[in-house]
Every structure is written in structure tokens, then in C-alpha cells.
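The block underneath contains the structure these notes are about, expressed in C-alpha cells.
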Amino acid sequence: MWVYEKKLQYPVKVRDCNPRLAKYLIEQYGGADGELAAALRYLNQRYTIPEKVIGLLTDIGTEEFAHLEMIATMIYKLTKDATPQQMAAAGLGDHYVNHDSALYYHDAAGNPWTATYIQAKGDPIADLYEDIAAEEKARATYQWLIDISDDPDINDSLRFLREREIVHSMRFREAVEILKEEKGKKKFF
Amino acid sequence: MTREKTFTLVKSYKPFHSKFDPCPPIGRKYYRTPPNLYINFQPPNMEQFTPEEALKYGTLWKFFYDFYDNPYRERET
Amino acid sequence: MNKKLDDEYYQLLEQIQAADFVLVELTLYLDTHPNDQQALQQFNQFHEYSQQLKSVFEPKYGPLLGFGNSPGGENKWEWGQGPWPWQV
């Protein structure tokens with residue numbers, strides 16, 4: 001069961017009116033290594049994963065929806081006041097003719113989201129390694145977005161989101177250790 | 001554990017540049033090696049940020065904090 | 001009809017976001033360290049603290065949680081009122 005909390009996880013701010021950034025940010029909305037893919041991947045895997053790590057997959061999956069909302073907020077703030085001409089100038093003309101300034105689950109190149117972005121092999125080690133990889137790919141994507149963005153306020157949010165990927169990656173690596181079940185031998189360093 | 005003494009957060013390498021390459025060489029390429037790579041399991045009682053700092057930095061524990069900035073920024077000017 | 005967003009709104013909201021972020025971090029940590037008593041205690045402390053902050057925030061600015069996890073409103077249904085998180 002999901003309950004919605006009417007607040008963002010992190011106070012998202014956008015300093016500059018630069019709709020072009022929305023074109024890039026949408027990569028983390030509807031892209032292969034984006035937040036929607038992450039949320040659906042983990043929440044789907046959790047049904048067939050060993051009991052000890054169901055909580056982790058549920059909680060990280062839920063947190064990813066909060067991140068999806070943060071990305072949506074940035075895109076929304078950047079495009080809500082744009083005229084069609086401004087959208088076209090920002091490289092969002094093809095998005096506009098289909099959606100106006102509505103958001104949609106596609107990546108920066110316009111490819112629509114697809115379930116082929118996620119996997120659930122039913123083997124917990126395979127699933128967790130996919131999850132670790134997903135977190136590292138998302139971390140890298142946030143690095144490229146920080147590189148290409150010159151808005152310091154957006155970059156604060158992007159750095160937050162990148163840091164979350166680092167922590168999530170750690171948790172999935174711990175989950176692998178838990179499933180390896182070496183009794184009393186959790187190697188800390 | 002202080003990580004300053006045990007690992008770095010950025011690594012770099014110099015890609016091969018051929019004399020027939022059309023563009024000036026990028027020089028060095030960089031990649032990140034964030035803190036989560038260097039431990040298998042978070043130990044208890046790690047040093048924490050305040051709640052306000054934690055929200056700003058994206059993690060409760062100082063060990064995991066990894067500030068990212070564009071390593072190629074100087075080259076653009 | 002949108003509520004008026006003064007400085008106090010933003011300050012209180014950020015305090016709640018900070019407290020709740022600690023709770024998220026501790027949740028994920030406890031998911032992989034279920035026997036860490038100290039972390040559990042800290043979680044429970046922050047749970048209390050977050051509840052306190054929200055008990056100040058919600059009467060002024062409306063319910064935060066849906067489906068009955070926050071009170072509904074004194075005289076009218078407040079859940080549906082703006083502004084919404086992506087708008088503030």
C-alpha cells in the first residue's frame with residue numbers, strides 16, 4: 001500500500017529560466033537509468049527476493065518515486081512558463097507538439113520508457129547485481145547532468161540525487177553480503 | 001576510519017593520442033571512485049552530519065559524502 | 001484556493017525535510033543492520049521529533065499524509081488544496 005506525503009524529499013530550487021536543461025533532465029525521468037526505471041525495478045524484484053532483503057528493496061524503491069518527483073519538479077519549473085517558440089528554441093519542439101509542457105516518460109533523445117530497461121531474473125544475486133549496476137549508472141548520469149548544467153540551484157539537487165545513488169549502491173552491496181551468509185564474517189574494512 | 005589516508009575519490013588516465021587524430025587531445029580522462037567501493041559493509045557508529053547538513057549533502061554519514069564537480073571545467077575556458 | 005506561503009512555511013518545511021531525511025537514511029541502514037540498537041534508538045528519537053514538527057506544520061499549512069495518516073481538517077477537506085510540492 002502506498003501513502004503519499006505532500007512534500008518533496010529535498011527542497012528543489014531552479015535559479016535560471018533555461019528550458020534547455022529540461023531536455024537533458026528528462027533523461028532521469030523516463031530514461032534507462034532514471035528514477036522511474038529504478039522504482040519499478042526494485043519494487044518488482046521484491047516479490048521474489050529472499051525475505052531478509054525485501055524491506056530494503058521496498059524502501060529504496062519507494063524513495064526512488066520521491067526522486068522521480070524531484071526531477072519532475074525541475075522539469076515542470078523550467079517549462080511551465082515557456083511559449084511554444086521558447087520550447088522549440090530549447091530543442092523541445094518535438095516534445096511540445098505531442099505534449100505541450102506536459103511531462104512524459106521518455107529519455108533525452110525522445111525514446112519512450114520501456115520495461116526492457118528493467119529486469120527481474122528471480123535469482124537474487126543476479127537481481128542485486130543489476131541493482132548495484134543501476135545505481136552506478138544513475139550516479140554517472142547525474143555527473144554528466146551536473147557537467148552540462150550551469151544552474152547552481154539545479155546542481156545542488158543533482159548532487160543530492162547523485163549522493164543518494166552512492167548510498168543505495170552501498171545498501172545493495174550489503175544485501176549481497178547478507179545473502180552470501182558468511183556467519184559473523186561481515187567484513188567492515 | 002579516515003578515508004583521506006586510505007583511498008582517493010578521483011582517478012585519472014591518459015588516453016592514447018594518435019598523430020592522425022583530427023582533434024586536440026583531451027589530455028586526461030577522469031573517473032570517480034566513490035566511498036561505497038571501499039567497504040563491503042557499513043560499520044556501526046560512523047560519524048554523522050547534523051540533520052540540516054545531512055539533507056544538504058545527501059547522506060547522514062560523513063564517510064559517504066562525495067562532492068562532484070566537472071573535472072574538465074578549466075579546459076573549457 | 002492556495003495557502004499563503006510565508007518565510008515560516010519554508011523554514012518549517014525544511015526542518016521537516018531534514019528530520020525525515022535522517023529517518024529515511026536510518027530506515028535503509030536498519031534494513032541491512034537490523035540489530036543495531038543505537039541506530040534504532042536514534043530512529044525512534046527522530047520519529048518523535050518529526051511528529052512534533054508536523055503537529056506544528058499541519059494545523060497551519062494542511063495535512064502532509066494522505067489516506068487518513070494525517071488529520072483531515074477542522075471545517076473543510078484540506079488535502080486537495082494547493083500548493084502542491086512541485087509548485088512551491
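Could you run through region A:5-45 and say how many residues are over 18 Å from the mean Cα position of the chain (by Cα) and either among the hydroxyl-bearing types (Ser, Thr, Tyr) or within 14 Å of chain C (Cβ to nearest Cβ) (or both)? Steps first, please.
Restricting attention to region A:5-45, the residues satisfying the condition of being over 18 Å from the mean Cα position of the chain (by Cα) are A:5-6, A:14-20.
Then keep just the ones that are either among the hydroxyl-bearing types (Ser, Thr, Tyr) or within 14 Å of chain C (Cβ to nearest Cβ) (or both); that gives A:5-6, A:14.
Matching residues across region A:5-45 total 3.
Here's the yes/no breakdown for (1) closer than 30 Å to A:VAL176 by Cβ; (2) in contact (Cβ under 8 Å) with a residue 24 or more places away in the chain; (3) in a loop (DSSP other than H, G, I, E, B):
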position	(1), (2), (3)
B:ASN40	yes, no, yes
B:GLU52	no, no, no
B:LEU55	yes, no, no
B:PHE63	yes, yes, no
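Taking region A:156-179 as the search range and keeping residues that are among the aliphatic types (A, V, I, L, M) and open to solvent by 10 Å² or more (accessible area, probe 1.4 Å), which one is nearest to the other protein chains (Cβ to nearest Cβ)? Break it down into steps so the answer makes sense when it comes.
First pass over region A:156-179, keeping only residues among the aliphatic types (A, V, I, L, M): A:158, A:161, A:166-167, A:170, A:175-176, A:178-179.
Still in the list and also open to solvent by 10 Å² or more (accessible area, probe 1.4 Å): A:178-179.
On the way: A:ILE178: 7, A:LEU179: 11 Å.
Going through the qualifying residues, I end up with A:ILE178.
Looking only at region B:30-50, filter to residues that are closer than 22 Å to A:ASN155 by Cα and open to solvent by 30 Å² or more (accessible area, probe 1.4 Å); which one of those is farthest from the chain's Cα centre (by Cα)? Quick ask: steps written out before the conclusion?
Of region B:30-50, the ones closer than 22 Å to A:ASN155 by Cα are B:30-36, B:49-50.
So of that shortlist, the ones also open to solvent by 30 Å² or more (accessible area, probe 1.4 Å) come out as B:30-32, B:50.
Numbers: B:TYR30: 9, B:TYR31: 7, B:ARG32: 4, B:THR50: 22 Å.
Among residues in region B:30-50 that are closer than 22 Å to A:ASN155 by Cα and open to solvent by 30 Å² or more (accessible area, probe 1.4 Å), the one farthest from the chain's Cα centre (by Cα) is B:THR50.
Give the residues of region A:82-98 that are touching a Gly at 6+ places or on another chain (Cβ under 9 Å) and either of a type in the set (D, E, K, R) or assigned to a loop (DSSP other than H, G, I, E, B) (or both), sorted by residue number.
Listed by number, the list holds a single entry, A:ASP94.
So, of the residues in region B:11-32 that are within 11 Å of chain A (Cβ to nearest Cβ) and either of a type outside the set (D, E, K, R) or touching a helix residue (DSSP H, G or I) at 6+ places or on another chain (Cβ under 6 Å) (or both), which turns out to be nearest to B:TYR65 (Cα to Cα)?
Pass one, region B:11-32, residues within 11 Å of chain A (Cβ to nearest Cβ): B:30-32.
Then keep just the ones that are either of a type outside the set (D, E, K, R) or touching a helix residue (DSSP H, G or I) at 6+ places or on another chain (Cβ under 6 Å) (or both); that gives B:30-31.
Numbers: B:TYR30: 19, B:TYR31: 16 Å.
Among those residues, the one meeting the criterion is B:TYR31.
Could you pull out the residue among C:PRO83, C:PRO63 that is under 14 Å from the mean Cα position of the chain (by Cα) and of a type outside the set (A, V, I, L, M)? Working first, answer last.
On the way: C:PRO83 fails: under 14 Å from the mean Cα position of the chain (by Cα).
Matching residue, one of C:PRO83, C:PRO63: C:PRO63.
Can you pull out every residue in region B:62-77 that is more than 16 Å from A:ASN155 (Cα to Cα) and open to solvent by less than 10 Å² (accessible area, probe 1.4 Å)?
Within region B:62-77, just B:PHE64 meets the criteria.
A quick yes/no check of all residues on (1) of a type in the set (D, E, K, R); (2) open to solvent by 10 Å² or more (accessible area, probe 1.4 Å); (3) touching a residue at least 12 places away in the same chain (Cβ under 8 Å):
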residue: A:ALA37; (1), (2), (3): no, no, yes
residue: A:TYR47; (1), (2), (3): no, yes, no
residue: A:LYS52; (1), (2), (3): yes, yes, yes
residue: A:THR58; (1), (2), (3): no, yes, yes
residue: A:HIS67; (1), (2), (3): no, no, yes
residue: A:ALA72; (1), (2), (3): no, yes, yes
residue: A:LYS77; (1), (2), (3): yes, yes, yes
residue: A:LYS80; (1), (2), (3): yes, yes, yes
residue: A:HIS95; (1), (2), (3): no, yes, yes
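What do you reckon, is A:TYR117 over 28 Å from C:THR27 (Cβ atoms), touching a residue at least 40 places away in the same chain (Cβ under 8 Å) and among the aromatic types (Phe, Trp, Tyr)? I'd like the intermediate steps shown before the answer.
Values: over 28 Å from C:THR27 (Cβ atoms): no; touching a residue at least 40 places away in the same chain (Cβ under 8 Å): yes; among the aromatic types (Phe, Trp, Tyr): yes.
So A:TYR117 fails the test.
Filter region C:57-68 down to residues that are open to solvent by less than 90 Å² (accessible area, probe 1.4 Å) and either part of a loop (DSSP other than H, G, I, E, B) or not hydrophobic (A, V, I, L, M, F, W, C) (or both), then give me how many there are. Full working, then the answer.
Quick first cut of region C:57-68, residues open to solvent by less than 90 Å² (accessible area, probe 1.4 Å) only: C:57-58, C:61-66, C:68.
Filter once more, keeping what is either part of a loop (DSSP other than H, G, I, E, B) or not hydrophobic (A, V, I, L, M, F, W, C) (or both): C:58, C:61-64, C:66, C:68.
Matching residues across region C:57-68 total 7.
Any chance region C:45-56 includes a residue that's acidic (Asp, Glu), part of a helix (DSSP H, G or I) and open to solvent by 90 Å² or more (accessible area, probe 1.4 Å)? It would help to see each step written out before you state the result.
Step one: of region C:45-56, the residues acidic (Asp, Glu) are C:48.
Narrowing the set further to residues that are part of a helix (DSSP H, G or I) leaves C:48.
Those left that are additionally open to solvent by 90 Å² or more (accessible area, probe 1.4 Å): C:48.
Within region C:45-56 (the criterion being acidic (Asp, Glu), part of a helix (DSSP H, G or I) and open to solvent by 90 Å² or more (accessible area, probe 1.4 Å)), the answer is yes, since at least one residue qualifies.
The values are calculated or read from the model by the stated rules, or taken from the named source; none is laboratory data. Because the structure is predicted, anything quoted here is derived from the model rather than measured. Cβ coordinates were reconstructed from backbone atoms using ideal geometry, including for glycine residues, and neighbour counts include every protein chain displayed. These accessible areas exclude ligands, DNA and RNA; they are computed on the full protein's heavy atoms, side chains included. Shrake-Rupley method; radii C 1.70, N 1.55, O 1.52, S 1.80 Å.
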